[in-house]
1. What Kirkwood hydrodynamic radius, in Å, does the range 36-102 give when the mean of 1/r is taken over all pairs of distinct Cα atoms and then inverted?
2. For the chain, return all DSSP H helices satisfying: extent of Cα atoms along own axis at least 20 Å; mean Kyte-Doolittle hydropathy at least 1.6.
3. Need one number: convex hull volume per residue for the chain, Cα atoms only, in Å³.
4. Over all directions, how big on average is the projection of the convex hull of the alpha-carbon atoms in the range 123-176, in square nanometres?
5. Binning at 10 angstrom from zero up to the longest distance, how are the C-alpha pair distances of the range 79-214 distributed in percent?
6. Among LYS147/LYS209; LYS69/LYS92; LYS92/LYS125, which pairs are too far apart, with a Cα-Cα distance over 30 Å?
7. What are the extents of the Cα atoms of the range 1-55 along their three principal axes, in Å, largest first?
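Readers should treat all values here as calculations from the given coordinates under stated rules, not as data from a laboratory. Note that the structure is predicted; figures quoted are calculated from it, not measured.
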Amino acid sequence: MNVALILAAGKGVRFDSSFPKQFVQLNDKSILEYSLDIVEELEGVEMTVLVIEPTYEKKFREITSQYKKRIELCPGGFSRQQSVYKGLKKIKENFKITETINVLIHDSARPFARTVFYNVLEKLKTEEAVVPVIKTKDTMYVIEGQKVIDSPCRERLFHVQTPQGFSFNGIFDCHKIADEKDMRAFTDDGSLYLKVEKRQPAIANGDQKNFKITDKKDLLLAEYYLSQNISS
Ligand code: CTP
Ligand code: MG
């Protein structure tokens, strides 16, 4: 069984609007609804745990009431990492994890994720941890203070996306250990798995369209993709 864990508990500080970016309209629906629509249609994903910012619970309930597949709401934490861990605990409370459960952890700030959901689900049939990536186009530097201290070979550098897929028990244990050891700086789950579990996640093809809406310029790009029918 596959469960989607969709993160929507962020405040969208860099987006700089009066309400969190997941509620911002993108054509005819909110950014959040793009991800919920994908999961609603996705065969093999039975339900969603949606991690929310509790101040907006009413709004979340209004949005989720339109879906047929089961969606459980769960309050988020101060960081993305904490929100994921709370969502995982919610899954553990709600289900007897006797059968094999996979979890697809996804940022609701990525509305065009359909292709990548397929790619990750496919790989999860044979792998315990799957992270979608795309090649870096720019040359990248490591800078500390004002000093360039390294220029890693571009061929080895990749952008990391979501959804990231894991066998439930594996990623739950990693988050538990990270929490106990006060390791709190992870911005995605693949790197937490790598550092805590010391095991390498498999990679799947990401998709350039599956970018994360972070600031207002990204919204313009998303609108352009939709206008050209090249979203997914
Ligand atoms: N997220 C979350 N809980 C948090 C922080 C982030 O569930 N405490 C979610 C966001 O809702 C988003 C995803 O994690 O879907 C990726 O985070 P990001 O793009 O950084 O979103 P925000 O944290 O909302 O934005 P900002 O960092 O600009 O405040
Ligand atoms: Mg953030």
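1. Working: mean 1/r = 0.0775 Å⁻¹.
Hydrodynamic radius (Kirkwood, Cα only) of the range 36-102 equals 12.9 Å.
2. Span-like helices, by this rule, are absent here.
3. On the way: hull volume 33.8 nm³, N = 232.
Spread over its residues, the Cα hull of the chain gives 146 Å³ apiece.
4. Values: hull surface 23.0 nm².
With every direction weighted equally, the projected area is 5.7 nm².
5. It works out to 12, 37, 37, 12, 2, 0, in whole percents.
6. Details: LYS147/LYS209 33 Å; LYS69/LYS92 19 Å; LYS92/LYS125 21 Å.
Over 30 Å Cα-Cα: LYS147/LYS209.
7. 37, 24, 17
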